[in-house]
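The structure appears below as structure tokens.
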Amino acid sequence: MFLIVWFRGQNFKMEYDIGRLTSLREELLGERRIMVAKRSSLLSSEHIEKVALTSLGMTVPARENVFYVRQVKAPAPYRTSTDVDE
Amino acid sequence: MGTGRRRLSPMKLWDHDRTQVRLEKIKRRAIVVFTVLFFCMGIMVFRLIDLAIFEHDRLAGIAEKQIKGQKDIKPQRGIIWDRKMRQMATNVDAESVYVVPSRVENIQVFSKRLSRVLRVSAKNLSYKLKSKREKQFLWIERKIDPETADRLRDMMKRYRYRYIGLIKETKRYYPKGRTGAHIIGFTNVDNVGIAGIEMVYDRYLRGEKKSITFKKDARNNRMYSEIDWSATGNNLLLTIDEYIQHIVERELSEAVEKWEAKAASAIMMNPFTGEILAMANYPSFDPNEPGKYPPEQRRNRAVTDIYEPGSTIKAILAAGALEEGVVELDEEFDVSKGYIVVGGKAIRDVHKHEFLTFQEVIQKSSNVGAVQIGMRLGAEKYYSYLRAFGFGEKTGIDYPGEARGILRSVDKWSGTSLAALSIGQEIGVTPLQVLRAYAVIANGGLLMRPYIVSDIISPDGRIIKSTRPKVIRRVISPSTAETVREILKTVVEEGGTATKAYIKGNLVAGKTGTAQVFDPETGRYSRKRHISSFVGFVPADNPRIALIVVIFEPQKGSFGGVVAAPVFRNIVEQTLTYLNVPQEDERNQIILVRR
């Protein structure tokens with residue numbers, strides 16, 4: 001009888017704990033949403049450009065100053081044989 | 001009593017009888033007690049059986065009511081992403097303030113204190129509370145900022161107010177601010193989309209309302225329950241690129257300031273698919289606070305406003321004339337008079353020329369030459385081409401409030417209509433219609449349906465609906481499209497009207513437009529008010545992007561080649577760099593050879 005009551009009590013305690021943790025998780029998820037939104041706002045092109053141009057002294061490059069680097073595989077070297085077939 | 005000593009009585013036989021009697025008494029009492037106990041137990045067992053079996057359903061229902069709470073979960077709207085999954089619209093938690101007016105004791109004092117916290121008028125607050133005195137619930141302020149919510153909590157604690165409270169809600173938030181504001185639109189305070197994409201796709205974004213039950217105790221503390229508390233709508237993936245959108249918006253704002261224009265619009269599109277890469281208007285607004293801006297600033301002019309296209313229509317005229325074979329590419333037109341009289345109305349050229357080939361008529365944007373081409377094509381044919389290119393009908397873009405434009409049927413044309421239409425008058429178009437028509441020339445003759453949302457994605461990542469490029473119809477043959485492309489290239493070259501749209505290293509094909517604004521008061525075209533535009537595509541031979549720039553009523557200039565063409569160049573140069581499109585002559589390519 002005592003064991004049943006004890007188990008039942010523990011069960012309730014655990015349910016309270018999980019309920020509290022669930023609420024906490026919801027709150028943290030809400031905070032996370034705000035942080036993600038703030039991060040997204042800070043990563044906006046307008047903000048990055050503003051920081052780059054005003055704080056970091058960067059400039060928008062002219063088109064002819066942008067170089068595209070392309071990597072290509074060299075063709076196989078020309079092979080010849082000095083051996084003369086008999 | 002006298003001696004204080006008790007005399008012990010001697011043991012006698014009858015003592016045994018007395019013990020027997022006592023035992024009998026105890027036995028009887030025990031029987032009575034056990035009978036009573038047994039009876040009570042019987043009652044209890046009977047009651048337990050009654051509670052557990054006969055009354056079970058009724059009592060279980062009552063108990064369930066006591067330990068189970070119910071809550072309606074308002075779903076969070078889905079997220080809107082740009083084509084590179086950058087968040088354009090999301091949700092954040094916010095708290096809303098409510099009051100139970102019927103329980104407010106002193107409205108004057110309460111309103112004064114509350115107004116100081118919420119920074120609103122105490123008078124208005126007091127009036128609101130008095131007028132709803134009998135109500136049990138009244139919203140005071142929706143979705144306040146966290147700092148105000150903290151101040152309010154302090155106030156509630158200090159004055160022990162029990163008739164005011166905070167409810168957690170979700171608020172729509174646009175992290176990119178003004179970028180893409182006209183496309184995305186905004187929601188009202190109840191998170192219902194009322195403008196832009198938010199409105200068109202509201203039924204997908206808002207999700208399903210969910211009612212859930214959970215376990216609680218007598219103090220309303222929530223206990224564990226295996227319930228999914230989250231409820232979200234579907235997400236949208238746009239065709240818009242946030243960085244290109246920013247470039248376009250920046251260049252438009254600079255142009256409006258430079259030319260002291262009334263407004264400006266620009267749209268960028270993939271001519272082969274109809275995907276809208278950017279769509280911008282200036283002046284713009286912040287969708288996080290749409291109420292602070294007048295409606296004309298929130299309007300997406302690129303889709304909703306119609307204007308006379310002016311000379312940009314000449315490419316359509318040229319395409320029709322070539323397709324019908326009524327002109328030759330090197331055929332000469334006499335424009336030496338500098339004007340042509342049609343139906344008693346003189347149509348003039350801006351610059352006087354002697355003889356111009358068909359190609360030069362478009363390159364130099366000769367009105368006199370265009371009228372001659374239009375006459376040769378004929379009203380019926382020209383009208384059919386204008387219709388085929390999509391004028392006078394909605395493009396079918398997934399955006400609300402699109403204008404159809406104005407294109408009257410031939411039977412309603414006057415004697416001057418054909419000439420006027422040949423130079424882009426007597427026709428009302430939207431910037432999107434013009435861009436789509438140019439995309440036909442860019443992609444080899446196909447009219448595409450433009451679109452902004454490419455995919456609708458469920459909260460668990462499944463693609464619910466996908467938009468694929470849709471060909472409406474073939475308008476001209478690939479060879480005609482190629483010929484017109486070649487002609488449009490010359491517009492940007494030396495001798496053309498849009499040399500300022502020239503981009504070093506990449507060929508541009510396009511056409512300028514300078515339209516006078518019709519003044520309804522005088523019944524004539526205004527000499528002071530213009531709409532300057534440039535529409536084209538680049539790289540001309542293998543177009544990646546088609547772009548239209550329309551500057552409404554610039555004060556410090558008027559010609560499309562002067563006002564709009566440089567904006568086109570600036571936007572395209574930066575976009576090509578961003579899209580990693582190298583210069584066609586390979587001057588800015590470094591090739592590393594790996595052995």
### Query
With (1) modelled with pLDDT under 90; (2) closer than 26 Å to B:ARG153 by Cα as the list, and B:ILE53 as the residue in question, which single condition is left unmet?
(2)
### Task
Answer yes or no: is there a residue in the range B:126-141 that is in a helix (DSSP H, G or I), surrounded by 12 or more Cβ atoms within 10 Å (Cβ to Cβ) and under 28 Å from the mean Cα position of the chain (by Cα).
no
### Task
Scan the range B:546-595 for residues that are out of contact with any strand residue (DSSP E or B) (no Cβ under 7 Å at 6 or more places or on another chain), part of a helix (DSSP H, G or I) and farther than 23 Å from B:TYR525 by Cα and jot them down.
B:PRO566, B:ASN570, B:GLN574, B:THR577, B:TYR578
### Query
Only one residue in A:GLU27, A:GLU15 is loosely packed, with under 13 Cβ neighbours inside 10 Å, at the interface with chain B (Cβ under 9 Å from one of its Cβ atoms) and either part of a helix (DSSP H, G or I) or in contact (Cβ under 8 Å) with a residue 60 or more places away in the chain (or both). Which one?
A:GLU27
### Message
What are the pairs with Cβ atoms under 8 angstrom where one residue, in the range B:411-429, is within 23 Å of B:VAL535 (Cβ to Cβ) and in a loop (DSSP other than H, G, I, E, B) and the other, located anywhere, is among the aromatic types (Phe, Trp, Tyr) and modelled with pLDDT of 95 or more? Sequence gap at least six, or different chains.
### Response
B:ILE427/B:PHE391
### Query
How many of the residues in the range A:37-48 are at the interface with chain B (Cβ under 7 Å from one of its Cβ atoms) and not polar (S, T, N, Q)?
2
### Query
Any residue in the range B:319-326 that is touching a residue at least 40 places away in the same chain (Cβ under 8 Å) and touching a strand residue (DSSP E or B) at 6+ places or on another chain (Cβ under 7 Å)?
no
### Query
Does the range B:526-540 include one or more residues that are within 14 Å of chain A (Cβ to nearest Cβ) and part of a loop (DSSP other than H, G, I, E, B)?
yes
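So that you can scan it fast, the table gives a plain yes or no per residue for (1) surrounded by 20 or more Cβ atoms within 10 Å (Cβ to Cβ); (2) among the aromatic types (Phe, Trp, Tyr); (3) in contact with a Ser or Thr (Cβ under 8 Å, 6 or more places away or on another chain):
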site: B:HIS530; (1), (2), (3): yes, no, yes
site: B:VAL535; (1), (2), (3): yes, no, yes
site: B:GLN555; (1), (2), (3): no, no, no
site: B:VAL563; (1), (2), (3): yes, no, yes
site: B:PHE568; (1), (2), (3): yes, yes, no
site: B:GLU573; (1), (2), (3): yes, no, no
site: B:LEU579; (1), (2), (3): no, no, no
site: B:GLU584; (1), (2), (3): no, no, no
### Query
Can you tell me which of B:ARG387, B:ARG408, B:ARG376 is more than 17 Å from B:ALA315 (Cβ to Cβ) and surrounded by fewer than 24 Cβ atoms within 10 Å (Cβ to Cβ)?
B:ARG408
### Task
Answer yes or no as to whether B:GLY78 is over 30 Å from B:ILE183 (Cα atoms) and small (Gly, Ala, Ser).
no
### Message
Please list, ordered by residue number, the helices (runs of 4 or more DSSP H) wholly in the range B:308-403 having 2 or more residues that are polar (S, T, N, Q).
### Response
B:358-363, B:367-377
### Query
Could you give every pair whose Cβ atoms fall below 8 Å, whose first residue belongs to the range B:61-83 and is over 30 Å from B:TYR201 (Cβ atoms), and whose second residue is assigned to a strand (DSSP E or B) and among the aliphatic types (A, V, I, L, M), counting only separations of at least 6 or pairs across chains?
B:GLN70/B:ILE212
### Single residue of B:ARG222, B:ARG158, B:ARG203, B:ARG250 found to be away from every other protein chain (no Cβ under 14 Å) and more than 23 Å from B:GLY78 (Cβ to Cβ)
B:ARG158
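The values are calculated or read from the model by the stated rules, or taken from the named source; none is laboratory data. These figures come from a predicted structure and were not determined experimentally. A quick note on method: Cβ atoms are made from the backbone with ideal geometry, for glycine too, and the neighbour counts reach across all protein chains shown.
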